[in-house]
Amino acid sequence: MEQDIPPPPPHVLIFPIPALGHVNSMLKLAELLSVAGLRITFLNSEYNHDRLTRHADVCSRYTHRFPGFQFKTITDGLPMDHPRVGHKFDEVLHSVKSVTPPLLKQMLIDDIKPPVDCIISDGFMSFAVDVANELGIPIIYFRTISACAFWAYFCVRDIIDAGELPIKGKEDMDRLIKNVPGMETFLRCRDLPSFCRAEDPLDRNIQLFMSETRSSPRAQGLILNTFDDLEGPILSLIRTHCPNIYTIGPLQAHLKTRVPSGMQSTNGFWEVDRSCMAWLDKQPPKTVIYVSYGSITMLSREDVMELWHGLVDSNKRFLWVVRPDLISDRDGDQSQIPEKLVVGTKERGYMVGWAPQEEVLEHQAVSGFLTHSGWNSTLESVVAGQPMICWPFFADQQVNSRFVGQVWKLGLDMKDHVYDRKVVEKTVNDLMVEKREEFVESTDRMSKLAWKSVSDGGSSSCNLDRLIEDIRSMSV
Ligand code: UDX
């Protein structure tokens, strides 16, 4: 009697833009799909692949665990020693867009085996849709930003057409924007994505972000790392353009429910300094503020010093991530660190180059997060129920911080406040003491809803199952 041979698992190509915040989220998705039995090829930039393998060799942890998992690399078009953080990151985006299309096509034809059944590409690479269509491969987008930031990006063209841009100087910053549906009552000029601050609405960054986002309906579906209880009303508006949305976040919580013994805290291009966990273990419950600016934001030395003074003057305990490339002008003022800062840090503070952030946020000693409002950090804070001080820098962070402060009531939005030690001191005290009560209920509530969404029968869990089924149906 002939035995039924099970069909081979669907093969999915996952392709992030080369930024850590994106690579992290895409790796989490890749792990969730691998656990469901799908075969994954993860396409990394050569530069990022080198960084992921250099320290903890993040990549081999996936390939050892999942036999069908492979990494492939592609150039981002820049020399390996070209800077890629701070404002230099824009150059990466423009470069990827110009060099990648023929390379991707060639790889899909000649190099990636077995043939790919479905592409999940970063929703910032419309060229991937062109390549996929040419080769007849279904493609789904994954936008790693919040739904609210996505929607603001999506509406930038309407804002420009309505004459609401450019912003006319500092005094114009509090003007309400009328052409982002769902946000008319609270979205000010200063809350628009940072690229909207350009004097010329035809600036190449505005054009890039706008056109890439507007291309989203061309993909067969749109995956978002968010959950319905957090961003339901905005998701309904996005659905009028992109009907097939899979909200499957928060991804890190989703991983914990589906892969309890899985890998955690793979969030890095730097070696994780776990000594901060031992330091946290020694601190009293709910006394520490965690300070971190994600993977690409840079601060001037002057701002770092003001922040440092403010943290020490606040008299609160603090754990601060000072990435090796955090300071933009390292060679600037080399004057001695004031004794007060050295002593204050020794008594109440701890600094690391890179922390296991998700674990830190869930540590019982931590009770607040000073963040740049990158979406991964924001979601990780939501999951851990930590109130936030938002000090956004660029892109989506301006929108995220407005939602944290004004809509979700999960923290204080400090956007456009200059780094001044007195302001830092007061804000830290506000979050940790004076205004703490304002946030406790909403942070607890949202954390519970986040976990509910990824548990059995929750909205994100059902959407992930639907995504897996849809991919399976593409391979038959
Ligand atoms: C970028 C953009 O800046 C951000 O606005 C966008 O939403 C995503 O892409 P990034 O600046 O790195 O990301 O910020 P974020 O999205 O917050 O991601 C940072 C990641 O690094 C988080 O997952 C965080 O857990 C991790 N991290 C950060 C660590 O694991 N350790 C650290 O010490 C610091």
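The values are calculated or read from the model by the stated rules, or taken from the named source; none is laboratory data. On a predicted model such as this, the values are computed, not experimentally measured, just so you know. Using ideal geometry, Cβ is built from the backbone for each residue, glycine included, and neighbour counts are taken over all protein chains shown.
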Of these, SER381, SER367, which one is near the ligand (Cβ under 10 Å from one of its atoms) and either within 14 Å of the chain's Cα centre (by Cα) or touching a residue at least 60 places away in the same chain (Cβ under 8 Å) (or both)? SER381
Looking across region 132-179 at residues that are within 16 Å of the ligand (Cβ to nearest atom) and aliphatic (A, V, I, L, M), the single one that is surrounded by the fewest Cβ atoms within 10 Å (Cβ to Cβ) is ALA149
Pairs, first farther than 16 Å from ARG317 by Cα in region 428-439, second in a helix (DSSP H, G or I) and not aromatic (Phe, Trp, Tyr), C-beta under 8 Å, six or more apart: PHE439/LEU431
Just one of (1) farther than 23 Å from ASP420 by Cβ; (2) among the hydrophobic types (A, V, I, L, M, F, W, C); (3) surrounded by 14 or more Cβ atoms within 10 Å (Cβ to Cβ); (4) at pLDDT 95 or above trips up VAL321, so point out which. (1)
Yes or no: region 409-431 includes at least one residue that is touching a Gly at 6+ places or on another chain (Cβ under 9 Å), modelled with pLDDT of 95 or more and over 20 Å from ILE389 (Cβ atoms). no
Of (1) away from the ligand (no atom under 16 Å from the Cβ); (2) surrounded by 22 or more Cβ atoms within 10 Å (Cβ to Cβ), ASP228 fails just (2)
Matching residues in region 15-62 - criterion: being more than 19 Å from SER121 (Cβ to Cβ), touching a Leu at 6+ places or on another chain (Cβ under 9 Å), more than 15 Å from the ligand (Cβ to nearest atom) and not aliphatic (A, V, I, L, M): CYS59
Candidate set: region 293-310, residues that are crowded, with 21+ Cβ neighbours inside 10 Å and more than 16 Å from the ligand (Cβ to nearest atom); chosen: the one nearest to the chain's Cα centre (by Cα): TRP308
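If I filter region 246-266 down to residues being over 17 Å from VAL382 (Cα atoms) and modelled with pLDDT under 95, which single residue comes out as nearest to the ligand (Cβ to nearest atom)?
From region 246-266, those over 17 Å from VAL382 (Cα atoms) are 246, 258-264, 266; that's our starting set.
Filter again for modelled with pLDDT under 95, leaving 258-264, 266.
Details: ARG258: 18, VAL259: 17, PRO260: 19, SER261: 20, GLY262: 16, MET263: 13, GLN264: 10, THR266: 9 Å.
Looking at the filtered set, the residue picked out is THR266.
It is to be established whether one or more residues within region 398-407 are assigned to a loop (DSSP other than H, G, I, E, B) and more than 14 Å from the ligand (Cβ to nearest atom).
Start the filter on region 398-407 by keeping residues that are assigned to a loop (DSSP other than H, G, I, E, B), which leaves none.
Looking for residues that are assigned to a loop (DSSP other than H, G, I, E, B) and more than 14 Å from the ligand (Cβ to nearest atom), one finds none in region 398-407, hence no.
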Would you mind finding the one in GLU347, GLU359 that is surrounded by fewer than 23 Cβ atoms within 10 Å (Cβ to Cβ) and away from the ligand (no atom under 11 Å from the Cβ)? GLU347
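Restricting to region 115-171, what's the tally of residues that are charged (D, E, K, R) and either touching a residue at least 60 places away in the same chain (Cβ under 8 Å) or under 22 Å from ILE471 (Cβ atoms) (or both)?
So the first thing to find is which residues in region 115-171 are charged (D, E, K, R), and the list is 117, 122, 130, 134, 143, 157-158, 161, 164, 168, 170-171.
Keeping just the survivors that are either touching a residue at least 60 places away in the same chain (Cβ under 8 Å) or under 22 Å from ILE471 (Cβ atoms) (or both) gives 117, 122, 130, 134, 143.
Of the residues in region 115-171, 5 are charged (D, E, K, R) and either touching a residue at least 60 places away in the same chain (Cβ under 8 Å) or under 22 Å from ILE471 (Cβ atoms) (or both).
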Of the residues in region 34-50, those that are of a type outside the set (Ser, Thr, Tyr) and either modelled with pLDDT under 85 or more than 12 Å from VAL23 (Cα to Cα) (or both) come to VAL35, ALA36, GLY37, LEU38, ARG39, ILE40, GLU46, ASP50
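Within region 105-132, can you find the residues that are over 24 Å from the mean Cα position of the chain (by Cα) and assigned to a helix (DSSP H, G or I)? Explain how you work it out, then say what you get.
Taking region 105-132 and keeping what is over 24 Å from the mean Cα position of the chain (by Cα), we get 105-117, 130-132.
Across region 105-132, the qualifying residues are LYS105, GLN106, MET107, LEU108, ILE109, ASP110, ASP111, ASP130, VAL131, ALA132.
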Selection count where residues are farther than 16 Å from PRO243 by Cα and assigned to a helix (DSSP H, G or I), scope region 133-147: 3
